[in-house]
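Below: one structure in structure tokens.
The values are calculated or read from the model by the stated rules, or taken from the named source; none is laboratory data. Just so we're clear, the structure is a prediction, and the values are computed from it rather than from any experiment. Here the Cβ is made from the backbone with ideal geometry for all residues, glycine too, and neighbour counts use every protein chain on show. Note: areas computed on protein heavy atoms with side chains; ligands, DNA, RNA excluded. Shrake-Rupley method; radii C 1.70, N 1.55, O 1.52, S 1.80 Å.
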Amino acid sequence: MGQNEQLKAVFPSEADIPEPFRLTQPVQQRQYLADGELKRWEGPCQEVISLVQVQKGGTLQPVILGCYPVLNEKEALEALEAAVRAYDNGCGLWPTMPVEGRIRHMELFVRKMLEKREEVVRLLMWEIGKTLPDSEKEFDRTVEYIRDTIEALKELDRTSSRFTIEQGILAQIRRAPLGVVLCMGPYNYPLNETFTTLIPALIMGNTVVFKPPKLGVLLHYPLLEAFREAFPPGVVNTVYGSGQKVVGPIMRSGKINVLAFIGSSTVADTLKQQHPKPHRLRSVLGLEAKNAAIVLPDADIEHTVEEILAGSLSYNGQRCTALKMLFVHNRIIDTFMKQFAAKVNSLKLGMPWEPGVKITPLPEANKIGYLQELIQDAVAHGASVVNPGGGENAGSIVRPAILYPVKDTMRVYAEEQFGPVVPIAGYDDIHEPIRYVIESNYGQQVSIFGTAPDLMASLIDPLVNQVCRVNINSQCQRGPDSFPFTGRKDSAEGTLSVTDALRVFSIRTLVAAKTTPANKQLITEIVRGDKSKFLSTDFLL
Ligand SMILES: NC(=O)C1=CN([C@@H]2O[C@H](COP(=O)(O)OP(=O)(O)OC[C@H]3O[C@@H](n4cnc5c(N)ncnc54)[C@H](OP(=O)(O)O)[C@@H]3O)[C@@H](O)[C@H]2O)C=CC1
Ligand SMILES: O=C(O)[C@H](O)COP(=O)(O)O
């Protein structure tokens, strides 16, 4: 069998798909959530085509998963207005609701969300080709993130809402919401990376409009009812359709107080510029990265190969944290390359639900075309594809490619490939990879592999001042989610983590009163009458 036939053979016929993973019927989504209602949509819908293809009569055929509403500017602005009303007129409802109340709503949401686990996991596999273990992990990690957020909020509330008297002024310092937040996430973690901003934004008392990515859109549908039941009207609203048509008007309205966006740096710039006062907009952005691995001459090669394999190719290299450029010392490059290529060649290609599969179908023809352009450009400038068949595809499946020796004249040296292409450069002088990190447009993370304490120590400080996380003898990654996650330059704006996110979606405000006898009397009555959040009697003691 030729390479292409071998690749084609990884796709199943419909009959080969095991029962629990079959899609019984397409998901015909004709609803969206706005103002507390699941509104019926009679207008045009966009078909969703799976990344998984099936064999029929010797050819690969697309699988239609369902469709979602393509809203217009009118519906998008109505959803926005619902969020604005829920914030501005929300007295006693959401933004002014005590923390314990908001937590109860969030706990109800988690219970309802858990009922949809199986459905969401199945859609993750079909919509974005994520393996079963990784799809389950994405769902479970998201639930855990919500629970951790609830605990972190309890702690923040205990420590940050306090009374103080200074210079004859009694003040209560509070953490207050910011307003209306627009949340958008990328296709590689469509659930988790949307919820890492949506959940903290909500629980801090903001109201939200969110647009799921077009790849990974249907898996949000089973959760709409949970949002509707768990939160007051207008607190959570969804929009669907082309970014330009529905997100553009929302940004241009100037009514968004926070842009919470995880995705590519160029789209983030476009969205910010659409806001009438971009410099006043708070932005929480998780963007592109080109994380490098630096392998020192004394590295433990076996361990390094394992870490770099997972770091560069898990979920087909489609992670912002993936290792996207490797620098290996010339003294060990032959040994490293032999072991690494053998591991890459042994990765199992197949369908997301198959046990042991690591490489799964990729999105869209233009993604595969882009990867092949990068490979051709590198080859034209003197690199080789080290592993035979690397970069070849059949339909949506691509065999990973290792490129070597990669030079600064090649596009793949600086561009974020976000796919199964691993560029490798050899080096003699440690200043070469360090210069790469310094000169990169991105600044998320770096991994260093080695065993000599002095050398490692001398690298850590300069590197951590260029990126935001230096990983020692391990791949780059986001988790644990309690760790701060951010980047410099074009890689991020604002910091996320369970607790950082609570801070980023809130502001410290004051209620202040002169401590005159009349004011003391007034405040005592306010407190007794339980008429505001100005509740503690500490100041009276
Ligand atoms: N730093 C981080 O935390 C992370 C960063 N990323 C980065 O995300 C990228 C991959 O994700 P990808 O989904 O391709 O990113 P995109 O920037 O293409 O899409 C992200 C979101 O923006 C929307 N969008 C795209 N174009 C427009 C537009 N013109 N107007 C309005 N909205 C638009 C998308 O919607 P639609 O799908 O409908 O087009 C999607 O919801 C990589 O660069 C990766 O590094 C990924 C994960 C984490
Ligand atoms: O969306 C991404 O790519 C992530 O931020 C990477 O997360 P991970 O390191 O946990 O896979």
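Got a sec? Which of T149, T159 is away from ligand 2 (no atom under 16 Å from the Cβ) and surrounded by 15 or more Cβ atoms within 10 Å (Cβ to Cβ)?
Details: T159 fails: surrounded by 15 or more Cβ atoms within 10 Å (Cβ to Cβ).
Residue meeting the stated conditions: T149.
Same structure again: Among the numbered criteria (1) more than 16 Å from ligand 1 (Cβ to nearest atom); (2) at pLDDT 95 or above, which single criterion is violated by R280?
(2)
Take the stretch 382-412 and flag every residue that is basic (K, R) and either part of a loop (DSSP other than H, G, I, E, B) or buried (at least 23 other Cβ atoms within 10 Å of the Cβ) (or both). Steps first, please.
Just the residues of the stretch 382-412 that are basic (K, R), to begin with: 399, 407, 411.
Within the stretch 382-412, R399, K407 meet the criteria.
Go through V217, V209 for me and flag whichever is more than 10 Å from ligand 1 (Cβ to nearest atom), in contact (Cβ under 8 Å) with a residue 24 or more places away in the chain and crowded, with 24+ Cβ neighbours inside 10 Å. Lay out the reasoning, then the answer.
Numbers: V217 fails: more than 10 Å from ligand 1 (Cβ to nearest atom).
Just a single option satisfies the conditions, and that option is V209.
Moving on. Can you say whether T335 is farther than 30 Å from A15 by Cα, within 16 Å of ligand 2 (Cβ to nearest atom) and β-branched (V, I, T), as far as the supplied structure shows? Working first, answer last.
Details: farther than 30 Å from A15 by Cα: yes; within 16 Å of ligand 2 (Cβ to nearest atom): no; β-branched (V, I, T): yes.
So T335 fails the test.
Here's another thing I want to ask about it. Can you confirm whether M97 is in a loop (DSSP other than H, G, I, E, B) and either open to solvent by 50 Å² or more (accessible area, probe 1.4 Å) or in contact (Cβ under 8 Å) with a residue 24 or more places away in the chain (or both)?
Values: in a loop (DSSP other than H, G, I, E, B): yes; either open to solvent by 50 Å² or more (accessible area, probe 1.4 Å) or in contact (Cβ under 8 Å) with a residue 24 or more places away in the chain (or both): yes.
When the stated conditions are applied, M97 passes them.
Let me ask something else. How many residues does the stretch 470-497 hold that are within 15 Å of A292 (Cα to Cα), open to solvent by 70 Å² or more (accessible area, probe 1.4 Å) and among the hydroxyl-bearing types (S, T, Y)?
Of the residues in that region, 0 qualify.
What strands (runs of 3 or more DSSP E), lying completely within the stretch 26-82, carry at least 1 residues that are open to solvent by less than 20 Å² (accessible area, probe 1.4 Å) and closer than 18 Å to G248 by Cβ?
Values: elements: 31-34, 37-40, 45-49, 54-56, 59-61, 64-69.
So the answer is 31-34, 64-69.
What is the one condition in (1) over 30 Å from R399 (Cβ atoms); (2) assigned to a helix (DSSP H, G or I); (3) touching a residue at least 24 places away in the same chain (Cβ under 8 Å) that P433 does not satisfy?
So P433 meets the others, but not (1).
Restricting attention to helices (runs of 4 or more DSSP H) lying wholly within the stretch 228-339, give those where 3 or more residues are touching a residue at least 60 places away in the same chain (Cβ under 8 Å) and not polar (S, T, N, Q). Lay out the reasoning, then the answer.
Details: elements: 248-252, 265-274, 301-313.
Answer list for the stretch 228-339: 248-252, 301-313.
Considering every residue within the stretch 127-144, establish whether at least one is at pLDDT 95 or above and farther than 30 Å from I49 by Cβ.
Checked against the condition, which is being at pLDDT 95 or above and farther than 30 Å from I49 by Cβ, the stretch 127-144 yields at least one hit.
Determine if the stretch 295-316 includes at least one residue that is crowded, with 19+ Cβ neighbours inside 10 Å and at pLDDT below 95.
no
So in the stretch 251-268, with the set limited to residues that are surrounded by fewer than 17 Cβ atoms within 10 Å (Cβ to Cβ) and of a type outside the set (V, I, T), which one is nearest to ligand 2 (Cβ to nearest atom)?
Within the stretch 251-268, the match that is nearest to ligand 2 (Cβ to nearest atom) is S264.
Looking only at the stretch 283-318, filter to residues that are within 15 Å of ligand 1 (Cβ to nearest atom) and of a type in the set (G, A, S); which one of those is nearest to L362 (Cα to Cα)?
G317
Can you give me the number of residues within the stretch 130-162 that are under 24 Å from I397 (Cβ atoms) and in a loop (DSSP other than H, G, I, E, B)?
2
Conditions tested, residue by residue: (1) closer than 17 Å to L65 by Cα; (2) touching a residue at least 60 places away in the same chain (Cβ under 8 Å); (3) of a type outside the set (A, V, I, L, M); (4) touching a His at 6+ places or on another chain (Cβ under 6 Å).
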{"position": "A9", "(1), (2), (3), (4)": "no, no, no, no"}
{"position": "G36", "(1), (2), (3), (4)": "no, yes, yes, no"}
{"position": "K39", "(1), (2), (3), (4)": "no, no, yes, no"}
{"position": "E42", "(1), (2), (3), (4)": "no, no, yes, no"}
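Residue under question is I128, and the condition is that it be in contact (Cβ under 8 Å) with a residue 60 or more places away in the chain, open to solvent by 40 Å² or more (accessible area, probe 1.4 Å) and among the aliphatic types (A, V, I, L, M); does it hold? Steps first, please.
On the way: in contact (Cβ under 8 Å) with a residue 60 or more places away in the chain: yes; open to solvent by 40 Å² or more (accessible area, probe 1.4 Å): no; among the aliphatic types (A, V, I, L, M): yes.
Here the answer is no, as I128 does not meet what is asked.
Give the residue that is modelled with the highest pLDDT, with candidates limited to residues of the stretch 169-197 that are closer than 18 Å to H105 by Cβ and surrounded by fewer than 24 Cβ atoms within 10 Å (Cβ to Cβ).
A176
Only one residue in E432, E373, E364, E415 is more than 30 Å from E136 (Cα to Cα), open to solvent by 50 Å² or more (accessible area, probe 1.4 Å) and within 25 Å of the chain's Cα centre (by Cα). Which one? Explain how you work it out, then say what you get.
On the way: E432 fails: within 25 Å of the chain's Cα centre (by Cα); E373 fails: within 25 Å of the chain's Cα centre (by Cα); E364 fails: more than 30 Å from E136 (Cα to Cα).
Of the residues listed, the single one that is more than 30 Å from E136 (Cα to Cα), open to solvent by 50 Å² or more (accessible area, probe 1.4 Å) and within 25 Å of the chain's Cα centre (by Cα) is E415.
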